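These notes are about the structure you will find just below.
The values are calculated or read from the model by the stated rules, or taken from the named source; none is laboratory data. What you are looking at is a predicted structure, and each value in this text was computed from that prediction instead of being measured. Positions of Cβ are generated from backbone atoms using ideal geometry, with glycine treated the same way; all protein chains shown enter the neighbour counts. Keep in mind that these areas ignore ligands, DNA and RNA; they rest on the heavy atoms of the full protein, side chains included. Shrake-Rupley method; radii C 1.70, N 1.55, O 1.52, S 1.80 Å.
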Amino acid sequence: MNSDVCEPWPLDLCCDLPDGTDQNVIDRWALVASQILFRLSGRRWGPGCPVTVRPCRKACADGSLAFGGWAPGVQQTGGWVPYIDSGGVWRNASVCGCRSSCSCTELCEVRLEGPVHDIVSVTVNGETLVPEAYRVDAPGLLVRTDGECWPDCQDMSAPCGEEGTFCVTYRTGLPLDEAAIAAVSELTCHLIKGCNPGGGCGCRANPNITRVSRQGVDIEKADPTLLYAEGRTGLPAADLWLTTVNPYRQTSPSRVYSPDYRRPRYTQWP
């Protein structure tokens with residue numbers, strides 16, 4: 001799930017902007033710079049645009065065949081599934097409760113596609129839960145902490161916020177560090193200066209000039225088209241950050257798919 005950037009990344013401008021530069025202009029080019037670096041860095045750094053999903057609760061029975069080594073077609077009766085623990089002892093697992101190797105009690109959780117940057121809201125049966133009612137554990141596990149549990153099922157035909165629905169709105173992306181803030185600040189300055197009267201860089205720069213000769217002095221410039229083809233901007237701080245976080249110039253995060261993993265549902269249209 002690769003969302004885009006809807007809000008500009010934090011800025012720490014260390015350049016002298018032209019006098020009278022409006023804050024709306026700064027915000028606009030900051031958003032453009034954030035979108036450029038987000039895409040060039042492999043679409044992994046956030047925060048991205050909020051996305052709303054409608055997950056299904058993870059059930060212990062999903063992996064019951066693997067625990068006990070049961071062959072396909074064997075039907076289990078009752079509410080317990082036998083399995084062999086790490087010490088080789090046969091035990092019974094409750095189908096109604098999830099007890100992992102690290103938890104002594106039932107842990108109610110659902111998996112979200114990540115990396116999860118933050119949770120915007122969680123609504124169950126039309127009511128918005130307080131943030132103290134849940135937490136996020138790696139990798140992307142939304143855990144209920146108020147003693148209740150997530151719904152086993154929901155009315156997928158009803159819109160979010162109605163009775164019988166369970167919706168999670170969250171943002172994806174890795175946390176931005178100081179290097180990322182320095183990169184987006186440098187690119188923002190570059191774009192703003194280039195689009196002001198008298199600007200000699202940014203969007204007013206001529207990408208076709210690579211060599212200048214005047215009065216016996218030759219100046220060689222890097223071909224910007226080659227830099228852009230390599231996924232770089234030509235700016236030192238921005239390119240240094242891109243090199244460290246995306247050295248192999250990936251265009252999207254790596255993914256591992258499993259036929260046993262049930263992905264959360266989210267509405268694409270309308």
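Below are the figures for this structure:
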{"read-out": "Filter result for A61 (open to solvent by less than 50 Å² (accessible area, probe 1.4 Å), modelled with pLDDT of 95 or more, in a helix (DSSP H, G or I) and not polar (S, T, N, Q))", "value": "no"}
{"read-out": "Verdict on C167 being exposed (fewer than 14 other Cβ atoms within 10 Å of the Cβ), of a type in the set (A, V, I, L, M, F, W, C) and either at pLDDT 90 or above or farther than 30 Å from R39 by Cβ (or both)", "value": "no"}
{"read-out": "Odd one out for K193, checked against (1) modelled with pLDDT under 90; (2) among the charged types (D, E, K, R); (3) touching a Phe, Trp or Tyr at 6+ places or on another chain (Cβ under 7 Å)", "value": "(3)"}
{"read-out": "Per-region count, segment 1-57, residues modelled with pLDDT of 90 or more, open to solvent by less than 50 Å² (accessible area, probe 1.4 Å) and polar (S, T, N, Q)", "value": "3"}
